[in-house]
Amino acid sequence: MPATPELKARAAAAVEAARAEIVDLSARIHANPEPAFEEQRAAAWVAEAIARHGYAVELPAGRLATAVRGRLAGGKGVKGPRIGILAEYDALPGLGHGCGHNTMAASGVGAAIALAALRDAFAGEVVFLGTPAEERGSGKQFMLDDGLFDGLDAALLFHPGDRDMVGSILLASEDVDVTFTGRAAHAAGEPWEGKNALDAVVLLLQAVGLWRQQLPQHARVHGIVVEGGTAANIIPDRATARFMIRSTDQAYFEAMRERFRALVAGAAMMADVAGEVVFSGGSTTMKDNPVLAGLWTANMEAAGRDDEGVDPEHIGSSDMGNVSLVLPTIHPTLAICDHGVPWHSIESRDAAATPRADETTLLAATLVAQTALDLLVDPSLVVDAWRAFRGEA
Ligand SMILES: [Zn+2]
Ligand SMILES: [Zn+2]
């Protein structure tokens, strides 16, 4: 038996009944931005909110101090589909919630609250996962490795954006930390004794800039200088930089890593310093699940929102890609602002704390809850989703 319109209306009403709680959580997280792996307050607030609604909560869950897991059995028994509701809450260093993860955290909590209110309607289990470190570090990969996604049949979340978009193209991505080590010397007294580590960073940035000319449309490389010396009269013996490399083509991405390594080696050789490269926090391309996407689309259209389609010029990365390679996953976007607002900007940060963002957060909570209900009350859809995941007709 599929989820009835009446049950879905009850999900919307349950979200509406929790309006104040959801909107307040979004505002609090927005006003207290915490970067990747340091989301102590957000994790505590999220955990507290779902515990209040009957979830058995673990904080921390697994090795990450700010990861949360909350579990709630259906009123008709725990045997049945196990549906994951995901929530990110990390912010961007120096900017705040320029990716709007406060709205995602609040909508995930809102969906969890609605499902708790409707638990008598289903068998199975709702598993809420608070997932740290999306902007850097790919926290979800740690949670996958810790077994926190084991046994789940679907992973659902909503990401805010400047358009309504069901699908997503994600670039494979990796964080790259580069350290050059030279020899310090008095920059005026005996510069010939020095080996300038900052020179290597400058050369690397130039090499990356030239490399970019030959990169295909689907590839990206970008970075910042983290440490460039300590005083103008000391030749820097240490300089560090942080980059990200990305591509929608997993195979090409692997080749980019090797090329980047070569650029670092070349810069080190030219500056006569040592160079070290550390890759970490890898995220993969996305495997969208058409069955889950179809359910989301139907719920979204019933709410009067249409899929505007993926804009191939505006693509990013997410550790939801990693999840999507393990179980049926979707990563839909709903607009919290007008088209053309640049993401990871002051404008997008401010857009994430407006009445319009709040309304979208509430709608997203409803759509996530309704899509979860579709799966919970009709396990044949879970079978279909896994079939699609495996590439079977
Ligand atoms: Zn984001
Ligand atoms: Zn982001």
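We did not get these values from a lab; they are worked out from the coordinates using the rules stated. Treat the numbers as computed from the prediction; the structure is a model and nothing was measured. All Cβ positions, even for glycine, are placed from backbone atoms using ideal geometry, and neighbour counts span all protein chains on display.
The table below gives the values:
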item: Sorted largest first, extent of the range 187-287 alpha carbons per principal axis (Å); result: 58, 23, 18
item: Restricting the range 298-393 to trypsin sites (Lys or Arg not before Pro) in coil, as DSSP defines it, with at most 10 other Cβ within 10 Å; result: Arg390
item: Integer Hz, Karplus 6.51/-1.76/1.60 couplings in order for the range 25-34, x for Gly and Pro; result: 5, 4, 5, 5, 5, 4, 7, 10, x, 10
item: All-pairs Cα distance distribution in the range 38-80, expressed in whole percent, bin size 5 Å; result: 5, 24, 27, 18, 13, 8, 4, 0
item: Degrees separating the helix 355-377 axis from the principal Cα axis of the chain, which is the longest one; result: 60
item: Share antiparallel - DSSP beta bridges, the chain, percent rounded to 5; result: 75
item: Helix 101-117 axis, angle to the chain major axis (alpha carbon atoms, nearest 10°); result: 20
item: Net length gained if the chain between Trp386 and Gln217 were fully extended (0.36 nm per residue, minus Cα distance); result: 57.6 nm
item: Enclosed volume per residue, in Å³, of the convex hull spanned by Cα atoms of the range 160-237; result: 137
item: Estimated translational D of the range 207-341 in µm²/s (Stokes, Kirkwood radius over Cα pairs; 4 °C; 1.567 mPa s); result: 71
item: Equivalent-ellipsoid semi-axes of the chain, from the Cα gyration tensor, Å, largest first; result: 43, 21, 19
item: Rounded to 10°, Cα long-axis angle of helix 250-271 versus longest principal axis of the chain; result: 20
item: Most mobile of Ala188, Ala274, Ala12 in a GNM of the chain (Cα contacts under 10 Å); result: Ala188
